[in-house]
1. Exactly one of these conditions fails for D15: (1) crowded, with 20+ Cβ neighbours inside 10 Å; (2) charged (D, E, K, R); (3) without any contact (Cβ under 8 Å) to a residue 60 or more places away in the chain. Give me its number.
2. Taking the stretch 77-98 as the region of interest, how many residues are assigned to a helix (DSSP H, G or I), surrounded by fewer than 18 Cβ atoms within 10 Å (Cβ to Cβ) and of a type in the set (A, V, I, L, M)?
3. Consider only pairs whose beta carbons are under 8 Å apart and that are at least six residues apart or on different chains; among these, list those whose first residue lies in the stretch 41-65 and is over 15 Å from R105 (Cα atoms) and at pLDDT 95 or above and whose second residue is among the aromatic types (F, W, Y) and in a helix (DSSP H, G or I).
4. Looking only at the stretch 161-209, filter to residues that are under 26 Å from Y120 (Cα atoms), within 15 Å of the chain's Cα centre (by Cα) and aliphatic (A, V, I, L, M); which one of those is surrounded by the fewest Cβ atoms within 10 Å (Cβ to Cβ)?
5. How about the stretch 31-66: which of its residues are over 24 Å from T195 (Cα atoms) and aliphatic (A, V, I, L, M)?
6. In this structure, is G37 in a helix (DSSP H, G or I), of a type in the set (G, A, S), surrounded by fewer than 22 Cβ atoms within 10 Å (Cβ to Cβ) and under 15 Å from the mean Cα position of the chain (by Cα)?
7. Any residue at all in the stretch 166-188 that is closer than 17 Å to R25 by Cβ, modelled with pLDDT of 95 or more and aliphatic (A, V, I, L, M)?
8. Looking only at residues that are in a loop (DSSP other than H, G, I, E, B) and among the charged types (D, E, K, R) in the stretch 40-71, which one is surrounded by the most Cβ atoms within 10 Å (Cβ to Cβ)?
Amino acid sequence: MNTNPKAITVLCYGDSNTQGTKPDRSGRYSANERWTGILQQKLGGGYYIIEEGLGGRTTDLDHPNPKKPSRNGLTYFRACVDSHMPLDFIIIMLGPNDLKTVYGRTAQDVAKALKQYPDYVYEYCAFRNVKKPKIILVSPAYMNEKAPKFIESMPSPGIYDAESAQKSRQLSKPIQQIAQETDCIFFDAGPNAKTGDDGCHLDRESHQKLAREFEKLLRA
């Protein structure tokens, strides 16, 4: 942890692409390869990057597999905010897991679910009489149904399909609308990042690109 009491605190809340899962499913990128770690290196000791990523995390849905508990992002987010406040920034990058075929969600459904995050933060801050952090809502990198191992690499074949990938390319506009409605900063990762061979997880270069873009946002 960063022990600088004056450090600007940044909570990075997301799924496996915040946790740093590799596209070949061989594990996680190392701490200095993940966008969160690269961001910490770029910003230095004046910032404290808090990495909170979990594979399979949804916006507000419970995972159908009982062996994968705590995937409901909103449930944990509430406790996470309570744990880490006061915060200066919160970066939220969620959505792709909601597009699994088992959930049947649209891009608009995902954006509507994301709205609960800033709503909760603002309610929390008002109740506790603390300063509101600035929230960055991120539209995630697009899934790629044409990737060579898009289906084969899945733990359970068929959890994503071509329609899931198509919906991932539709997330940007409704998430941007939610960001405007809730006074959040909007960032579209689609043009700045790409997935690897499994069509779902960021390649190594994209972690570097995201870190550069988030650095610009935070410094600005």
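The values are calculated or read from the model by the stated rules, or taken from the named source; none is laboratory data. All values reported here derive from a predicted model rather than from experimental measurement. All Cβ positions, even for glycine, are placed from backbone atoms using ideal geometry, and neighbour counts span all protein chains on display.
1. All conditions pass for D15, except number (3).
2. Within the stretch 77-98, the first condition is being assigned to a helix (DSSP H, G or I), and the residues that meet it are 77-84, 96-98.
Still in the running and surrounded by fewer than 18 Cβ atoms within 10 Å (Cβ to Cβ): 78-80, 82-84.
This time we only want the ones that are of a type in the set (A, V, I, L, M), so: 79.
Number of matching residues: 1.
3. The qualifying pairs are L54/Y76.
4. For the stretch 161-209, the residue satisfying everything is I185.
5. Of the stretch 31-66, the ones over 24 Å from T195 (Cα atoms) are 43-48, 62, 64-66.
Result: L43, single match.
6. Working: in a helix (DSSP H, G or I): yes; of a type in the set (G, A, S): yes; surrounded by fewer than 22 Cβ atoms within 10 Å (Cβ to Cβ): yes; under 15 Å from the mean Cα position of the chain (by Cα): yes.
When the stated conditions are applied, G37 passes them.
7. Taking the stretch 166-188 first, the residues closer than 17 Å to R25 by Cβ are none.
No, every residue in the stretch 166-188 fails to be closer than 17 Å to R25 by Cβ, modelled with pLDDT of 95 or more and aliphatic (A, V, I, L, M).
8. Taking the stretch 40-71 as the starting set, the residues that turn out to be in a loop (DSSP other than H, G, I, E, B) are 54-57, 59-71.
After this cut, where a residue has to be among the charged types (D, E, K, R) as well, the list is 57, 60, 62, 67-68, 71.
Numbers: R57: 27, D60: 17, D62: 13, K67: 5, K68: 14, R71: 19.
Filtering the stretch 40-71 for residues that are in a loop (DSSP other than H, G, I, E, B) and among the charged types (D, E, K, R), the one surrounded by the most Cβ atoms within 10 Å (Cβ to Cβ) comes out as R57.
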